[in-house]
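Here the structure comes first, spelled out in structure tokens, and everything after it is commentary.
Nothing in this text is a laboratory measurement; each read-out follows from the coordinates by a stated rule. Since the model is a prediction, treat every value here as computed from it, not as a measurement. Here Cβ is always computed from backbone atoms with ideal geometry, including for glycine, and neighbour counts include all displayed protein chains.
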Amino acid sequence: MTATSVRPDWSALPAEVRAYAEYRLGSRVTAATTCRAGYTPGLACRLLLEGGHRAFLKGIQQDHPFAPQYVAEVDITPVLPEGVGPQVLWSAAPEHGAGWWLLCLEDLPGGNPVLAPGSADAEATLAAVEQAGKALTPSPLPTAPQITDVVGKWLTGWAQLAETPPGDLDPWAARHLARLADTEQLWQRDAGGETLVHWDLRPDNMMRRADGTVVIIDWTYPHQGAAWIDPVVLIPQLITAGYGPAEAEAAVAHLPMPEAEVLTSFAVGLAGYWENSSRRPNPPGVPFLRAHQARAAAVARAWIAHRTGWN
């Protein structure tokens with residue numbers, strides 16, 4: 001997958017971090033490959049160890065602005081039911097990891113799934129999302145906040161843009177800005193629930209196993225909510241991969257789905273979040289995030305136009 005983040009290489013880590021990791025691994029690292037997909041700037045390395053064993057190591061300095069996401073992943077990943085997420089080999093808090101949060105996982109060499117229509121990867125991805133929804137209900141983190149309490153604050157992009165409409169706003173969005181702002185929060189009425197949701201399903205947050213099954217990785221948002229959240233989050237990813245909006249909705253129709261008005265509102269909320277966020281400066285070490293969000297906003301606008309028929 002194309003590089004989207006600037007990540008540190010294994011060789012650039014402080015010597016004490018490398019020494020601690022090798023101590024926990026029980027072996028010296030003989031080769032390391034940095035994985036540059038994703039939209040956070042932390043360490044993400046595939047490691048080859050003496051004797052031929054492999055592992056995947058990720059981490060970040062304790063005072064980095066993105067550290068809370070890694071803390072959440074250290075907390076969430078070990079409690080996932082078997083088969084839903086990657087196997088955890090070990091983890092470390094900064095007091096043990098020389099000032100770094102570290103998470104060591106099984107190595108998954110199959111690459112990211114390609115969600116093209118009719119592909120085996122698309123079928124395997126849908127199966128993984130279905131399995132996760134069942135296995136994570138009820139949530140293994142029962143004290144996790146409801147998604148409406150966190151994400152509900154984020155999906156207000158159209159209302160924020162309506163306060164001072166940008167001159168370069170897409171013409172379709174500009175024509176319907178007031179309607180979009182009025183619609184973007186209706187989804188919250190039916191979003192409560194006891195399913196642990198990933199919220200950020202994308203191909204680069206999934207990996208193939210050798211047997212062709214798909215594993216969901218990067219569990220960085222400790223939210224619970226309705227079982228339909230993750231299947232709906234997958235729809236714009238399928239559209240990006242080549243599905244038409246109607247085809248993408250049909251592909252997930254066997255999974256939990258909300259009523260039509262709620263689905264439309266969630267699509268509107270996602271589009272507004274991406275549109276508004278794409279106009280902010282890139283975070284340090286993540287130079288391609290805003291361009292990614294601008295592309296995602298365009299996909300979501302096409303999805304909304306399909307659902308609403310607004311011209």
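Label separation (Ala19 vs Thr213): 4.0 nm, computed from points 7 Å beyond Cα along the C-beta direction. Taking 7 Å steps out from each Cα toward its Cβ at Asp9 and Lys134 produces label points 4.5 nm apart. Among the GluC sites (Glu not before Pro) in region 1-78, those placed in a DSSP loop whose Cβ has at most 16 other Cβ atoms within 10 Å are Glu50. Separation of region 79-98 and region 261-275, taken as the distance between their Cα centroids, equals 33 angstrom. Working note: 222 nm ellipticity from helices only, DSSP H runs with n ≥ 4, each -39,500 (n - 2.57), summed and divided by the residues of the chain, gives -12000 deg cm²/dmol to the nearest 500. Taking other C-beta atoms within 10 angstrom as a stand-in for reagent exposure, Met257, Met207 fall in the order Met257, Met207, fewest first.
Residues with beta-carbon under 15 Å from that of Leu13, excluding Leu13: net charge, scoring Lys, Arg +1 and Asp, Glu -1? The partial results should precede the final answer.
Numbers: positive: Arg7, Arg18, Arg24, Arg28, Arg46, Lys58; negative: Asp9, Glu16, Glu22.
Spelling it out: positives minus negatives among the neighbours equals +3.
The Cα atoms of the chain cover 61, 39, 36 Å along the three principal axes, with the biggest extent listed first. Each 5 Å bin from zero up to the one holding the largest Cα-Cα distance in region 253-311 carries the following percent of pairs: 4, 19, 23, 19, 15, 10, 7, 3, 0. With contacts taken as Cα pairs under 8 Å at a separation of at least 6 residues, region 1-121 carries a relative contact order of 22 percent.
Label region 185-311 by shape, choosing from rounded, prolate and oblate, from the square roots a ≥ b ≥ c of the eigenvalues of the Cα gyration tensor; if a/c is under 1.5 it is rounded, and otherwise prolate applies when a/b is larger than b/c, oblate when it is not. Write down the numbers at each step before the final one.
Details: a/c = 1.30, a/b = 1.04, b/c = 1.25.
It is rounded, given that a/c, with a ≥ b ≥ c, falls under 1.5.
Given N residues in region 10-105, what is Rg(Cα) / (2.2 N^0.38 Å)? Intermediate values should be presented prior to the final figure.
Details: Rg = 12.7 Å, N = 96, 2.2 N^0.38 = 12.5 Å.
Dividing the Cα radius of gyration by 2.2 N^0.38 Å gives 1.02.
Each Cα pair under 8 Å and six or more residues apart adds its sequence gap; the mean of these over the residue count of the chain is a relative contact order of 19 percent.
Fully extended, how many nm does the chain gain between Arg54 and Ala116 (0.36 nm per residue separation, minus their Cα-Cα distance)? Don't jump to the answer; show the numbers that get you there.
Numbers: separation 62, 0.36 × 62 = 22.32 nm, distance 2.96 nm.
Answer, rounded to one decimal: 19.4 nm.
Counting Lys and Arg as +1 and Asp and Glu as -1 over every other residue whose Cβ lies under 10 Å from the Cβ of Ala55, the net charge comes to +1. Pairwise inverse Cα distances across region 40-92, averaged and inverted, put the Kirkwood hydrodynamic radius at 12.5 Å.
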